[in-house]
Amino acid sequence: MTKFYLVISILISAFSGGQQQDVDFTEVNITCLDLNSFEKEIIITTNNEYKDILKRKSPFPNCNSDSQPQIDFSESILVGYLIESSGCSPPKHSIRLYKSDNKVVFEVSTAPDGACRMLYQKMVRITTSKVFSKQISFVRKYTQN
């Protein structure tokens, strides 16, 4: 009987590895940065790195970036993904952060709005627990309206 329970436990463990468990995050709005100066994926783990990205200001004269969000890097990390999409207006997007196996996946789903050729760029950013700083992977999904 003990062998039976052992086999059942092993099977449950083997098949539950692909389960996804949502992870808490907060979406962060950082304004007036030059998006062309960023890689597609960013992970910021220290206040000095954060100060460095805040120096990459947009060249537009009416951009005022004096008031940016405060982030406690002793407990959190800042994660970002640059969305680039064509369309007639900015694409709709959704964000999901979840555990899958030994990774934490930052998934960004985008849906372009219309068939126009205009290019839209937006950096979506979140904060989450610093515990995940070495486990983040990025996934982008495209959907149609």
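Annotations for the structure displayed:
- Boolean, residue 96 is touching a helix residue (DSSP H, G or I) at 6+ places or on another chain (Cβ under 6 Å) and of a type in the set (D, E, K, R): no
- Residue check, residue 76 over 12 Å from the mean Cα position of the chain (by Cα) and surrounded by fewer than 16 Cβ atoms within 10 Å (Cβ to Cβ): no
- Hits in segment 118-145 - residues which are assigned to a loop (DSSP other than H, G, I, E, B) and farther than 16 Å from residue 96 by Cβ: 118, 133, 134, 144, 145
- Among the residues making up segment 43-53, a single one is over 18 Å from the mean Cα position of the chain (by Cα) and either touching a residue at least 40 places away in the same chain (Cβ under 8 Å) or surrounded by 13 or more Cβ atoms within 10 Å (Cβ to Cβ) (or both): 47.
- Checked against (1) within 30 Å of residue 48 (Cβ to Cβ); (2) of a type in the set (A, V, I, L, M); (3) assigned to a loop (DSSP other than H, G, I, E, B), residue 115 meets all criteria but (1).
- Residue 25 being under 19 Å from residue 75 (Cα atoms), within 16 Å of the chain's Cα centre (by Cα) and not acidic (Asp, Glu): yes
Every number here is computed from the coordinates shown, using simple stated rules; none is lab data. Everything quoted here is computed from the prediction, not taken from an experiment. Neighbour counts run over all protein chains shown; Cβ positions are idealised from the backbone, glycine included.
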